[in-house]
Amino acid sequence: MQRPLFKPAAALQFVVNGQSGHGDAEATREAIEAGLREAGRTGTVLFAAPGELAHVAREAAARACADGSAVVAVGGDGTINTVAQAAHAVGCTMGVIPRGTFNYFAREHGAPTETLEALRWLLDARPEPVQISAINEQVFLVNASLGLYPDLLQDRETWKARFGRSRLVAFGAGMATLLRAQRRLKLLIEWEGQQHEVRTLTLFVGNNRLQLEQLGLGSSGEQSEGAAADGHVTAVILKPIGMLAMVALMLRGALGQLGEASGIERFVCQSLVIKPSRLMKRPRVKVAFDGEVDWMRAPLTIRVLPQPLWLLKAAPSVVAP
């Protein structure tokens, strides 16, 4: 595990998605530039227009790698995912300034959610390895899924465009998706020498300990050493259930009690292969990863990647005895 070259005084490369988070892009630029001046540091703020985020992220990551600097994602989980893909590909250090709705990845690693505070935290941080996973080689940091969950994400984007960005809107969109959910998937899942044929509404694979804990799916009992981290991901299977049971299940998730529900199965593993039923006419499957939705060719392989992502993180506080 080779640590990337990192020069703390080198100019940082900030990649901003103007579509993410609250406030306008110019206010974000001013906050970042003011924070850099305050700290006596330098950096370049790059704005990505719709459809250009991946290209801008790759160029910024290449520049950061050449300079011994870091590329910093400014946005929500989807933006952070795109920048992480670029940073991991070239082996450079990455930082995050969260501006999304849930910000699971940033919060798990201690980043403040206010822009200026996050920047100050970032400027005192150093590269540390963090677990990163992939679905068919597409990086994901928080989760990957197929079935009902990608539909939920698409509905959530529609609701946000109409009603604004908030957790209440996200919850309302989720309820609307569940109330019309009917499609069942028949899947053959293979992991660590085991096979399991299931009928499910959705298969959800979590790489983020914070999200799983908030849903009530954190490690427990015999699973205490196999959680979302430490070389493992957590797979969650939602069984086909009735409408009222499904609404109750979502409420359990909102209350952090999903692990107590009878309508789900879960297991931990380092990798798994998902083969949809041969009865499915389409060779591609709709999947979601870190809030983004795409189509991928089956079978789907999900695994923890052997090389970590090098993330700027503040040193843990040392408590005096």
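The values are calculated or read from the model by the stated rules, or taken from the named source; none is laboratory data. Predicted model only: the values in this text are computed from it and were never measured. Every residue, glycine among them, receives a Cβ derived from its backbone with ideal geometry; neighbour counts consider all protein chains shown.
Can you name every residue in the stretch 52-74 that is within 19 Å of the chain's Cα centre (by Cα) and surrounded by fewer than 24 Cβ atoms within 10 Å (Cβ to Cβ)? Once the filter is applied, which keeps residues that are within 19 Å of the chain's Cα centre (by Cα) and surrounded by fewer than 24 Cβ atoms within 10 Å (Cβ to Cβ), the stretch 52-74 yields A54, R58. Taking residues in the stretch 299-321 that are under 13 Å from F140 (Cα atoms), and partners anywhere that are outside any strand (DSSP E or B) and at pLDDT below 70, the pairs with Cβ atoms closer than 7 Å and at least 6 places apart or on different chains are P308/M1. Among the candidates T28, T44, the residue that is polar (S, T, N, Q) and either assigned by TED's automatic domain parsing to the domain that holds L210 or not in a strand (DSSP E or B) (or both) is uniquely T28.
Candidates in the stretch 89-107 are the residues that are assigned to a helix (DSSP H, G or I) and crowded, with 20+ Cβ neighbours inside 10 Å; of these, the one that is farthest from the chain's Cα centre (by Cα) is A106.
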